[in-house]
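Working notes for the structure below.
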Amino acid sequence: MTISNKPSSRPDGRESGSKAGGKAKERLEQLEALWLQERETSHARFLEERRAKTLKQRVDDGHALTDLRVVEVDAAPGGRLLLWLETTARQGLGDLRVGSGDPVRLWWEDPDSPEAVLGVVSRRRGERLGVMVEDLVDRLEQGAFSLDRDEPQTTFQRGLQAIQSFKQARDGEIAQLREIFYGEAPALFAPRPSLLHWVDRGLNPPQQAAIYTALSAEHIALIHGPPGTGKTRTLVEFILQSVRRGERVLATAASNTAVDNLAERLVDAGISVVRLGHPARVSARIEAHTMDALLEKEEDFALASRWMREVREIRNRIERKISRGELPRAERLTLKEEARALMNDARRQLKGAQEAILDRSQVICSTAAGADSGLLGKRRFDTVVLDEATQAVDPMALVALSRARRVVMAGDPMQLPPTVIDLEAERAGLGETLFARMYAQKRDSMLTMLTIQYRMNETIMSFPSTQLYGGALIAADKNRAHRLEDLDGVASDPLRPHPLMFLDTAGTGWNELNDQDDPSIANPEQAARVAAEVTRLLGRGIQPTYIAVITPYYAQVRQLRALLSDAHHRGLEIDTVDGFQGREKEAVIVDLVR
């Protein structure tokens, strides 16, 4: 489908998007200032933590490496290079805690030097570490450099660029969306589509209504999905219907887990999907649909790989001759130039293969931040879907939405807001999302709420339904009276006869503790009580994988994991409230600590 960039007419006869209006401009300028403030706070905190420790301490902590050298170079997606590094340090890679997808910097005298080379960890292969960089700096080939974990500055840069795109747009889809986002224009809708042939025939009426609204939206639709109401299921059907209409869709979410969930269901429905993002951060089920995996099936990839093997052979020849003192400077320069020419040819070959893969895909999936990937170039999409929209701060949401003609956002403003480090910026508005603001403005024409939930027993559901959703939630028949003893092999517990139970620890003297070196909070006695409750559940025959323990503080997570280490290794999930959000288990214990 061809997307026009012509300005559209507004209901009042004026062309939209001549420039950012007063309210939109003011909000975007404020957002830019808050995002810069967040970046500075994040940067200062990161530097403070790094400078507080020596290089040896950082190595011992698993956040740094020393005495590195480049032993191999491969071409990587996006025109980048994959450097394979080895260390001559006695401990080798040791217990390195820098993982796949983490930003790093390669440095010589000082990690904060302008000469430091920025990269991203690809993966570990035995005692070799793969790091992706934009280019191969000559000094790296001389060896003897260090590596430090870095802060994620790319995320901030992408957010700033997205804000600028919305501020500066004078016409076209971005300008139209900007006016609607900030209340300067109404959301328009075409006539409701004719009766749809549903791919998923089990959709309930609220889910079907949400899809009809989204398909008829000219610019934006919101889907409010409280827990367990089938928000992802609804989005998948909407995407399938959009593809049927010949549209190209960019499906995004705030987290990798949510993106993978969408991608897996689309693949199961027979849709051609490309999952952007680092393979190590992608679920095993969707790994075959990553750009890296798809590239390996292309003929161009084999050719590029052959050229990179030739590059390695030239590098080895250079090293051998240097070690024997047989390489004049002129010959060394010639060989290096030959290697660089082959390397550039390989990168161009890969880029052409990537373009072909993207062009024939029906749906591209990525995180909201990843939607600014260089792989996508200047591509625009008929529809951009943003799941977990209430988890994405505005700059990250705008990264994805800047590629859209039409936007469909799904989320729940009653759940946790996005994480913001700078508390002042959070209070000033960075913690409030586009979805939440439009929801609060009661822009009902664009909003559909899903009301039938398939997760909770009706007793558990009644509290959030009454307190947060105006009593609108309805328990589906299959889970309305669902009990643990309904599971195979699970015994009843006469002392736990109800699906919801509170344990009051007031007056026990179980007080919280916090270490001077750790701002997080723990409560050892209460952790022991929680562990006893988990043991009671396990004794009923409930599998560890069916149980989760969640708590607000990571120090308490550590206490609980130590007390329940055996069950934890067998699949019992113990995590923070943030870490568990959006997940579900048959039994959940909440430890409030304080």
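The values are calculated or read from the model by the stated rules, or taken from the named source; none is laboratory data. All values reported here derive from a predicted model rather than from experimental measurement. Glycine gets a Cβ as well: all are built from the backbone with ideal geometry, and neighbour counts include every protein chain shown. With ligands, DNA and RNA removed, areas are computed over all heavy atoms of the protein, side chains included. Shrake-Rupley method; radii C 1.70, N 1.55, O 1.52, S 1.80 Å.
Here is how the numbers come out for the structure above:
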{"quantity": "Restricting segment 100-117 to residues that are within 21 Å of the chain's Cα centre (by Cα) and not polar (S, T, N, Q), the residue that is farthest from residue 55 (Cα to Cα)", "calculated": "101"}
{"quantity": "Condition met for residue 120 (modelled with pLDDT under 90 and either aliphatic (A, V, I, L, M) or in contact with a Phe, Trp or Tyr (Cβ under 9 Å, 6 or more places away or on another chain) (or both))", "calculated": "yes"}
{"quantity": "Residue within segment 290-305 that is at pLDDT 80 or above and among the small types (Gly, Ala, Ser) present", "calculated": "yes"}
{"quantity": "Close pairs from segment 283-305: first within 20 Å of residue 269 (Cα to Cα) and of a type in the set (Ser, Thr, Tyr), partner open to solvent by 30 Å² or more (accessible area, probe 1.4 Å) and not in a helix (DSSP H, G or I), Cβ under 8 Å, at least 6 apart", "calculated": "290/277"}
{"quantity": "Top-ranked residue in segment 260-285 [being part of a helix (DSSP H, G or I) and modelled with pLDDT under 90; ranked as most open to solvent (accessible area, probe 1.4 Å)]", "calculated": "285"}
{"quantity": "Residue that is surrounded by fewer than 18 Cβ atoms within 10 Å (Cβ to Cβ) and not aromatic (Phe, Trp, Tyr), where the choices are 445, 373, 402", "calculated": "445"}
{"quantity": "Positions within segment 140-165 being farther than 29 Å from residue 421 by Cα and either modelled with pLDDT under 90 or assigned to a helix (DSSP H, G or I) (or both), in sequence order", "calculated": "140, 141, 142, 143, 144"}
{"quantity": "Number of the exception - residue 91 against (1) of a type outside the set (Asp, Glu); (2) open to solvent by 40 Å² or more (accessible area, probe 1.4 Å); (3) within 25 Å of the chain's Cα centre (by Cα)", "calculated": "(3)"}
{"quantity": "Qualifying residue in segment 184-204 (condition: over 25 Å from residue 583 (Cβ atoms), surrounded by fewer than 24 Cβ atoms within 10 Å (Cβ to Cβ) and among the basic types (Lys, Arg))", "calculated": "yes"}
{"quantity": "Per-region count, segment 376-399, residues open to solvent by 10 Å² or more (accessible area, probe 1.4 Å), of a type outside the set (S, T, N, Q) and either under 15 Å from residue 253 (Cβ atoms) or part of a helix (DSSP H, G or I) (or both)", "calculated": "3"}
{"quantity": "Those residues of segment 95-130 which are without any contact (Cβ under 8 Å) to a residue 12 or more places away in the chain and either among the basic types (Lys, Arg) or under 19 Å from residue 279 (Cα atoms) (or both), in sequence order", "calculated": "126"}
{"quantity": "Residue within segment 313-325 that is touching a residue at least 24 places away in the same chain (Cβ under 8 Å) and either open to solvent by 70 Å² or more (accessible area, probe 1.4 Å) or in a helix (DSSP H, G or I) (or both) present", "calculated": "yes"}
{"quantity": "Tally, over segment 41-70, of residues that are within 28 Å of residue 375 (Cα to Cα) and open to solvent by 30 Å² or more (accessible area, probe 1.4 Å)", "calculated": "1"}
{"quantity": "Filter result (buried (at least 17 other Cβ atoms within 10 Å of the Cβ), β-branched (Val, Ile, Thr) and in contact with a Phe, Trp or Tyr (Cβ under 7 Å, 6 or more places away or on another chain)) within segment 569-593", "calculated": "593"}
{"quantity": "Spans of helices (runs of 4 or more DSSP H) in segment 453-566 with at least 1 residues basic (Lys, Arg), touching a Phe, Trp or Tyr at 6+ places or on another chain (Cβ under 8 Å) and without any contact (Cβ under 8 Å) to a residue 40 or more places away in the chain", "calculated": "524-539"}
